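Student: Have a look at this one before I ask anything.
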Amino acid sequence: MARKLSYGEAINDAHRLALINDDKCFVIGQGVNNPWFVGKTTTGLMDEFGPRRIMDSPVSEAAMTGACIGAAMAGMHPIVFHPRMDFMYLALDQIINHCASWNYMFAGKVNVPVVIRGIVNRGGEQGPQHSQSPFGIYANIPGLKVVTPATPYDAKGLLLAAIADPNPVIFIDDRWLYDQVDDVPEDYYEVPIGKANVLKEGNDITVVAASFMVKEAMEAAQKLEEEGVSVEVIDIRSLKPLDTETIIKSVKKTRRALVTIEEWNFASVASQVAKEIYDGAFTYLTQPVKTLTLPDVPAPASKSLEAVYYKKSSDVYNIVKDMLANKD
């Protein structure tokens, strides 16, 4: 049976089910009991499961991540979360040189079933050290899977799929999505990693989006629909592995594509998606693929600059209108 849950509550529900069903699962992170750090995503878990399974860690990103990687190799199923993705940089040696490589280095005989959850904490005039969403860094690393749910349903299902995966998954949730509400089943279910979701079918243009920009793309698509423009919206859900097949199939139909992800464009997932479209559907395109990403500058610490820096549905709307105004 489904009931209405917010995005944050859906993540909490996934944690709870995993902890109930798997006594090898535990959660560790900074501010695990503090809504200012994690919203409602871990509320009540400490009271229900106790400090042996819900651990509020010291400010030691590399140490807690490394400890969880070792625990995973020893047979545990840890979830280690970083309340701001910016500070995951401090654990990159553990994530890239160790976590992502052990299964390969041991010829598949050692698994690392760890979920590393990074929260995008953009906005609020927090500046460049608290507002980053460096998706491309993690998607670039062999041995890592990277998921970015955009809906409450997917937030629960992808987290459960990540926990069940025998090797490391980077699970990225965006704080700006925490209040989104959707029908979420009470029971255990998994959303397959590596499978995109066509949220809205259309014929005039394909908009490929991830994370927060899925919401903005859908708002723009609804407005464009009222004006007679048929937009197909794809939520890629998984940055790696990337569901190229679904994207290419859509672009072959619409013959135009806009890719929008809130990340810097250079060496980004957005530019990789554009490259995949060129490789798989070049002869179908009637005009170049467009990307809508963040400006190539650090995040500002000013509300007026943030209003320009972060992209929104109106930006998607304007680019689509411009592309269709110049269609063949």
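Student: For segment 299-328, what are the residues that are exposed (fewer than 11 other Cβ atoms within 10 Å of the Cβ) and among the basic types (Lys, Arg)?
Tutor: Listed by number, the list holds a single entry, LYS303.
Student: Can you tell me which residue is nearest to SER211 (Cα to Cα) among those in segment 140-170 that are in contact with an Asp or Glu (Cβ under 6 Å, 6 or more places away or on another chain) and not in a helix (DSSP H, G or I)?
Tutor: Within segment 140-170, the first condition is being in contact with an Asp or Glu (Cβ under 6 Å, 6 or more places away or on another chain), and the residues that meet it are 150-153, 156-157, 160-161.
If we keep only those that are not in a helix (DSSP H, G or I) as well, we get 150-151.
Details: ALA150: 5, THR151: 8 Å.
Going through the qualifying residues, I end up with ALA150.
Student: Go through (1) under 21 Å from HIS130 (Cβ atoms); (2) open to solvent by 30 Å² or more (accessible area, probe 1.4 Å); (3) in contact with a Leu (Cβ under 9 Å, 6 or more places away or on another chain); (4) of a type in the set (Asp, Glu) for ASP296 and report which single condition fails.
Tutor: For ASP296, the exception is condition (3).
Student: Continuing with the same structure: Test each condition in (1) open to solvent by 20 Å² or more (accessible area, probe 1.4 Å); (2) part of a strand (DSSP E or B) for ASP173 and report the one that comes out false.
Tutor: So the condition that ASP173 fails would be (1).
Student: Testing THR206 on (1) part of a helix (DSSP H, G or I); (2) open to solvent by less than 60 Å² (accessible area, probe 1.4 Å); (3) polar (S, T, N, Q), one condition comes back false. Which one is that?
Tutor: All conditions are met except number (1).
Student: Can I ask one more? Any chance you could count how many residues in segment 251-273 are farther than 16 Å from SER133 by Cα and in a loop (DSSP other than H, G, I, E, B)?
Tutor: Result for segment 251-273: 2.
Student: Select from segment 228-241 the residues that are assigned to a loop (DSSP other than H, G, I, E, B) and either at pLDDT below 95 or crowded, with 18+ Cβ neighbours inside 10 Å (or both) and list them in ascending order.
Tutor: Filtering segment 228-241 for residues assigned to a loop (DSSP other than H, G, I, E, B) gives 228-230, 236-237, 241.
The answer is VAL229, ILE236, ARG237.
Student: Restrict the check to segment 254-265 and report whether at least one residue is in contact with a Gly (Cβ under 8 Å, 6 or more places away or on another chain), acidic (Asp, Glu) and buried (at least 21 other Cβ atoms within 10 Å of the Cβ). Can you show your working first?
Tutor: Within segment 254-265, the first condition is being in contact with a Gly (Cβ under 8 Å, 6 or more places away or on another chain), and the residues that meet it are 254, 263-264.
From what's left, acidic (Asp, Glu): 263.
After this cut, where a residue has to be buried (at least 21 other Cβ atoms within 10 Å of the Cβ) as well, the list is 263.
Yes, there is a match, as at least one residue in segment 254-265 is in contact with a Gly (Cβ under 8 Å, 6 or more places away or on another chain), acidic (Asp, Glu) and buried (at least 21 other Cβ atoms within 10 Å of the Cβ).
Yes/no per residue for (1) among the β-branched types (Val, Ile, Thr); (2) at pLDDT below 95; (3) within 23 Å of GLY39 (Cα to Cα):
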position: MET73; (1), (2), (3): no, no, no
position: HIS82; (1), (2), (3): no, yes, yes
position: ASP93; (1), (2), (3): no, no, no
position: SER101; (1), (2), (3): no, no, no
position: TYR104; (1), (2), (3): no, no, no
position: VAL112; (1), (2), (3): yes, no, no
position: GLY124; (1), (2), (3): no, yes, yes
position: GLN129; (1), (2), (3): no, yes, yes
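Student: Which condition number does ASN97 fail, the rest of (1) touching a strand residue (DSSP E or B) at 6+ places or on another chain (Cβ under 6 Å); (2) over 30 Å from ASN197 (Cα atoms) being met?
Tutor: (1)
Student: Can you tell me which condition LYS215 does not meet? The list is (1) surrounded by fewer than 18 Cβ atoms within 10 Å (Cβ to Cβ); (2) modelled with pLDDT of 95 or more; (3) charged (D, E, K, R); (4) not in a strand (DSSP E or B), and all the others hold.
Tutor: Among (1) surrounded by fewer than 18 Cβ atoms within 10 Å (Cβ to Cβ); (2) modelled with pLDDT of 95 or more; (3) charged (D, E, K, R); (4) not in a strand (DSSP E or B), the lone unmet condition for LYS215 is (1).
Student: Given the conditions (1) under 21 Å from the mean Cα position of the chain (by Cα); (2) open to solvent by 10 Å² or more (accessible area, probe 1.4 Å); (3) farther than 17 Å from ILE119 by Cα, which single one is not true for CYS99?
Tutor: Every condition holds for CYS99 apart from (2).
Student: Residues in segment 21-70 that are over 20 Å from VAL169 (Cβ atoms) and part of a helix (DSSP H, G or I): how many?
Tutor: Going through segment 21-70 one residue at a time, the tally reaches 8.
The values are calculated or read from the model by the stated rules, or taken from the named source; none is laboratory data. Note that the coordinates shown come from a computational prediction; the quantities given were computed from them, not determined experimentally. Neighbour counts are summed over all protein chains in view; Cβ atoms, including those assigned to glycine, are modelled from backbone coordinates with ideal geometry. The accessibility values were calculated without ligands, DNA or RNA, using every heavy atom of the protein model including side chains. Shrake-Rupley method; radii C 1.70, N 1.55, O 1.52, S 1.80 Å.
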